[in-house]
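First comes the structure, then the notes that go with it.
The values are calculated or read from the model by the stated rules, or taken from the named source; none is laboratory data. Computed from a predicted model, the values in this text were never measured in an experiment. Cβ atoms come from the backbone with ideal geometry, glycine included; neighbour counts cover every protein chain shown. What goes into the accessible areas is simple: the full protein's heavy atoms, side chains included, and nothing from ligands, DNA or RNA. Shrake-Rupley method; radii C 1.70, N 1.55, O 1.52, S 1.80 Å.
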Amino acid sequence: MDLTARASLLLLLLLGLCNAQPGDDPATEDVNSVVESDKDDMTTAIFKMNNGSLHLVEEGDIFIPRTRSAMKCKHKRFSCLWPKSSNGNVEIPFIISEKYDDEEKNTILLAMKGFEPKTCIRFVPRKTERAYLNIVPKYGCMSLLGFTGDKQIISLQRFGCVKNSIIQHELMHALGFYHEHTRSDRDQYVRINWDNLKEYYIKNFKKMDTNNLNTPYDYSSIMHYGRTAFGMFGRLETITPIPDPNVPIGESKTFSDIDILRINRLYKC
């Protein structure tokens, strides 16, 4: 290749890089490859959307690093719970990215409204608050855990994550809730099939030092993953309910009654 041809090729490459916009939603590159997730349960959809994510995550959809848990907050400077307002409600400011279309924005807003009838949680449009949720269509479905005191991202990728169950699941993480299968007493209620896990994913089943708020283990919680979560080949069973192995798990479309009870106890609604 002569010098002129090489220069032309380099110019084309540079132009391509300049035209790439930072923060572009990668989901738009291949809609057909992920749109099928509408047929999946919540767990399967989250795994499909987060597979290959460049973000560091634990348990499939919790951003790392995390140094605090709203369920057992050990931070000395501030609480890991979102603060209460003078009216007794927990008002959580948010911004929704303009990259979502109107239907997607409405779906997100309705999922937020779902907290209101039975809890004191209120999601309110951000004004000038320093601490708020920034809801954006980055790669995958992910959230930080609990209150961080600053801007915190909830990623809801388009064409896969903008579903009521997934939105409410990620918002529950932002409120400070772990997954149900990692709570401290889980071994009394589910069996983890370690042989069906890839070694890399074993860490996602580490039990957490959780405050279970004097509530029973909840197979129907919106925070419970499905029975093939992190399983080899995407189909081997990793979580088996006990003593009844046929109890449905990971299929909830919205909060369970116990989810609501936990929110109210954690935030003293």
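Some observations on this one:
- If the condition is being in contact (Cβ under 8 Å) with a residue 24 or more places away in the chain and within 30 Å of residue 86 (Cβ to Cβ), then the stretch 236-267 contributes 254, 255, 258, 259, 260, 261, 262, 263, 264, 265, 266, 267.
- Test: residue 145 is open to solvent by less than 10 Å² (accessible area, probe 1.4 Å), closer than 25 Å to residue 268 by Cα and out of contact with any His (no Cβ under 6 Å at 6 or more places or on another chain): no
- Residue check for residue 259: under 20 Å from residue 120 (Cβ atoms), open to solvent by less than 50 Å² (accessible area, probe 1.4 Å) and of a type in the set (Asp, Glu): yes
- Candidates are the residues of the stretch 230-263 that are aliphatic (A, V, I, L, M) and assigned to a helix (DSSP H, G or I); the one that is farthest from residue 173 (Cα to Cα) is 232.
- Boolean, residue 167 is modelled with pLDDT of 95 or more, in contact with a strand residue (DSSP E or B) (Cβ under 8 Å, 6 or more places away or on another chain) and among the β-branched types (Val, Ile, Thr): yes
- Screening the stretch 184-198 for residues that are in contact (Cβ under 8 Å) with a residue 24 or more places away in the chain and outside any strand (DSSP E or B) and picking the one that is surrounded by the fewest Cβ atoms within 10 Å (Cβ to Cβ) gives 188.
The rows are residues; the columns are (1) crowded, with 16+ Cβ neighbours inside 10 Å; (2) in a loop (DSSP other than H, G, I, E, B); (3) of a type in the set (A, V, I, L, M, F, W, C).
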| position | (1), (2), (3) |
| --- | --- |
| 160 | yes, yes, no |
| 167 | yes, no, yes |
| 170 | yes, no, no |
| 200 | no, no, no |
| 228 | yes, yes, no |
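- Residues that are farther than 19 Å from residue 122 by Cα, polar (S, T, N, Q) and open to solvent by 40 Å² or more (accessible area, probe 1.4 Å) within the stretch 240-256 comprise just one, 246.
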